1. When the helices in the chain are scored as -39500 (n - 2.57) per DSSP H run of 4 or longer and the sum is shared across all residues, what 222 nm value do you end up with, to the nearest 500 deg cm²/dmol?
2. Please order VAL78, VAL46, VAL119, VAL17 by the number of other Cβ within 10 Å, starting at the fewest.
3. Please list the non-local residues whose amide H lies under 5 Å from the amide H of GLU135, H modeled 1.01 Å from N, same-chain partners needing a gap of 5 or more.
4. Treating region 22-112 as a set of equal point scatterers at the Cα positions, no solvent, please give the Debye-formula log₁₀ I(q)/I(0) at q = 0.12, 0.19 Å⁻¹.
5. Rounded to whole Hz and in sequence order, give me ³J(HN,Hα) for region 110-117 from the Karplus expression 6.51 cos²θ - 1.76 cosθ + 1.60, θ = phi - 60°, writing x for Gly and Pro.
6. Give me the net charge of MET10's neighbourhood, meaning all other residues with Cβ under 12 Å from the Cβ of MET10; Lys, Arg count +1, Asp, Glu -1.
7. Tell me the GluC sites (Glu not before Pro) within region 100-138 that lie in a loop according to DSSP and have at most 16 other beta-carbon atoms within 10 Å.
8. GNM on the chain, C-alpha springs below 10 Å: top fluctuator among PHE29, PHE13, PHE82?
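Please treat every number below as a calculation from the coordinates, not as lab data. Because the structure is predicted, anything quoted here is derived from the model rather than measured. Cβ coordinates were reconstructed from backbone atoms using ideal geometry, including for glycine residues, and neighbour counts include every protein chain displayed.
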Amino acid sequence: MTGEELREVMRRFPSPVAVVTAAVEGERFGLTVGSLVSLSLTPPLVGISIGKDSSSHEPIRRAGGWAVSLLTGSQADVAQHFARSGIPPVALWVGVDVRDGPRGPLLDEALGWLECRTVSEHEAGDHTIFVGEVESIELGVNAEGLVYKGGTFHPA
Ligand SMILES: Cc1cc2nc3c(=O)[nH]c(=O)nc-3n(C[C@H](O)[C@H](O)[C@H](O)COP(=O)(O)O)c2cc1C
């Protein structure tokens, strides 16, 4: 059983798409994730799984917290942008409409936003699972969300 086989079956399973951001010493980081999961309501906890190879992995760890923008069905271009590899952190934000939040930049026109403080980190093979206590939420537009299935983005 290989990782490629797991990837193949998971391609059939739609995952909701969000952008996770963090800020360390004034530098901003961000990446597209399909791994956001709601874990607990009391206390309010969510989880993300971040690849150890990702350039955002160490910044998210060092920041001690992160922000999440939940994408709408019309933000596939934003999801694609934040999934691209090798973009220098400064260039990542050119032409992207955001406002700064306490844990990281918040993308305009999202379904909603979460601000999270990391409460635990768990080794998971080539990823680290970050569990975050949700410090605040904000509701955005009430629209369709964005899902990733079969290698492409779809409104749902
Ligand atoms: C739909 C989708 C979901 C993704 N989900 C995750 C995820 O949950 N965790 C992760 O580490 N990378 C995920 N990625 C990949 C990252 O977005 C991508 O590796 C990262 O932006 C590359 O940036 P880097 O070159 O700066 O490391 C996902 C990509 C896509 C297209």
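1. On the way: 3 runs with 21 residues, N = 156.
It lands at -3500 deg cm²/dmol.
2. VAL119, VAL46, VAL78, VAL17
3. HN-HN under 5 Å from GLU135: GLU115, CYS116, ARG117.
4. The computed values of log10 I(q)/I(0) come out as -0.36, -0.95.
5. 7, 5, x, 9, 10, 10, 10, 9
6. +1
7. Sites meeting the loop and neighbour criteria: GLU109.
8. Answer for the Gaussian network model of the chain: PHE13.
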